[in-house]
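Notes follow the structure.
The values are calculated or read from the model by the stated rules, or taken from the named source; none is laboratory data. Here the structure is a predicted model, which means the values were calculated and not measured. Ideal geometry is used to build each Cβ from the backbone, glycine not excepted, and the neighbour counts take in all protein chains shown.
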Amino acid sequence: MIKRLPAEWEEQDGILLAWPHPGSDWTPILHLVEPVFTEIARQAARFGKVLIVAHDASAVRAGLGSVGADHERVRILEIPNNDTWSRDFGPITILENGSPVLLDFGFNGWGLKFPADLDNLISRRLHAAGAFGAAPLRTTGLVLEGGSIDSDGKGTILTTSECLLGPNRNPHLDRGMIETRLREHFGADRVLWLENGYLAGDDTDAHVDTLARFAPGDAILHMACDDPEDEHFEPLRRMAAELERFRTPAGAPYRLLPLPWPKPRFDDEGQRLPATYANFLALNGAVLVPTYGDPADEAALKTIGLAFAGREIVGIDCSPLILQHGSLHCVTMQLPRGVLP
């Protein structure tokens, strides 16, 4: 059997979103964050289908209608959710002999930091509701979030040791055992481990989708800090050095594209927020890029455009998302071709 974890930029049916609601941590800023989700859904529906988990389908549908979202490409199911981070509790789709199989990994709230009992059931409830058509769903006991791994679609997985080797996910597994699981589940030939890099304010224990991402043509987009006085300068410098040492399966160096560093952002309590441009989402013919009303936004859009030549680059202001310590990629999960009916 040929098993493969496709790259995000391969052909998709659409994406999964879980809508914020008054019973979630978004409650104090619901008026700020709902427009962000609405814009993500509107833009994504231009390029594919959008599957939405919501507490109140009629309210979400009305909101999307008010901005002209393509209602024929949007399906909303009323399923309870703790939070909105679909990247980490949504199904990860592999291809087995070319056919999609959805993997349902365990989600424990990033190491028991936050309630996750409802979110951990969403993939199974969606599957039971027929949301994934004939695509099978396979549940596994491994605790793994989608944001913790990135695939080049050719057998290489990029991840961070801080997240996957932390004691709050799979404490009974060492590096070798976890790597074996990644190879088994995703048909991976090799795993590239980043030992450096982090973002202050990040709750995920250094998810790779906040730091470094594969792109077409053996490229890697990665965050880079150019301020020697910033706490991130040295960890990201060391991460860049690791990326420079990595080699493609053919033995060549990767084409590294550093992403600009936005100015520090803080919440009302003075906690630094994890603004990152690495949290982009590739769609059919487009890439959605988080922006933050920062002077570096334009350079980030340009750099990502270089990596995804020929695609429309769409910036979405995700300043409200980082108030809950995530961004655009974190709230979405792509669903490859053959998953949605």
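Some values worked out for this structure:
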quantity	calculated
Elements of type strands (runs of 3 or more DSSP E) in the range 254-303, at least 3 residues being buried (at least 18 other Cβ atoms within 10 Å of the Cβ) and within 19 Å of the chain's Cα centre (by Cα)	281-283, 286-291
Scope the range 218-232; condition within 15 Å of Val208 (Cβ to Cβ) and loosely packed, with under 15 Cβ neighbours inside 10 Å; matching residues	none
Test result for Ala250, farther than 17 Å from Gly326 by Cβ, small (Gly, Ala, Ser) and more than 20 Å from the chain's Cα centre (by Cα)	yes
Top-ranked residue of the range 3-57 - restricted to ones that are aromatic (Phe, Trp, Tyr) and touching a helix residue (DSSP H, G or I) at 6+ places or on another chain (Cβ under 6 Å), ranked as surrounded by the fewest Cβ atoms within 10 Å (Cβ to Cβ)	Trp26
Unmet requirement for Asn196, which otherwise passes all of (1) under 25 Å from Leu335 (Cα atoms); (2) buried (at least 19 other Cβ atoms within 10 Å of the Cβ); (3) in contact with a helix residue (DSSP H, G or I) (Cβ under 6 Å, 6 or more places away or on another chain); (4) in contact (Cβ under 8 Å) with a residue 40 or more places away in the chain	(1)
Gly111 in a helix (DSSP H, G or I), within 22 Å of Leu173 (Cβ to Cβ) and not polar (S, T, N, Q)	yes
Residues within the range 140-160 that are under 18 Å from Gln334 (Cα atoms) and surrounded by fewer than 18 Cβ atoms within 10 Å (Cβ to Cβ), tallied	2
Residue list for the range 78-106, restricted to those being assigned to a strand (DSSP E or B) and in contact with a Leu (Cβ under 7 Å, 6 or more places away or on another chain)	Ile92, Thr93, Ile94, Leu102, Asp104, Phe105, Gly106
Leu112 being within 18 Å of the chain's Cα centre (by Cα), more than 23 Å from Leu288 (Cβ to Cβ) and not acidic (Asp, Glu)	no
Matching residues in the range 304-341 - criterion: being in a loop (DSSP other than H, G, I, E, B) and of a type in the set (D, E, K, R)	Arg311, Arg337
Test: residue in the range 236-248 that is over 23 Å from Leu5 (Cβ atoms), in contact with a His (Cβ under 6 Å, 6 or more places away or on another chain) and surrounded by 13 or more Cβ atoms within 10 Å (Cβ to Cβ)	no
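Residue by residue, here is whether (1) touching a Lys or Arg at 6+ places or on another chain (Cβ under 6 Å); (2) within 27 Å of Gly251 (Cβ to Cβ); (3) at pLDDT 95 or above; (4) surrounded by 16 or more Cβ atoms within 10 Å (Cβ to Cβ) holds:
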residue: Glu162; (1), (2), (3), (4): no, no, yes, yes
residue: Asn168; (1), (2), (3), (4): no, no, yes, no
residue: Ala188; (1), (2), (3), (4): no, yes, yes, yes
residue: Ala206; (1), (2), (3), (4): no, no, yes, yes
residue: Ala212; (1), (2), (3), (4): no, yes, yes, yes
residue: Pro216; (1), (2), (3), (4): no, yes, yes, yes
residue: Glu234; (1), (2), (3), (4): no, no, yes, no
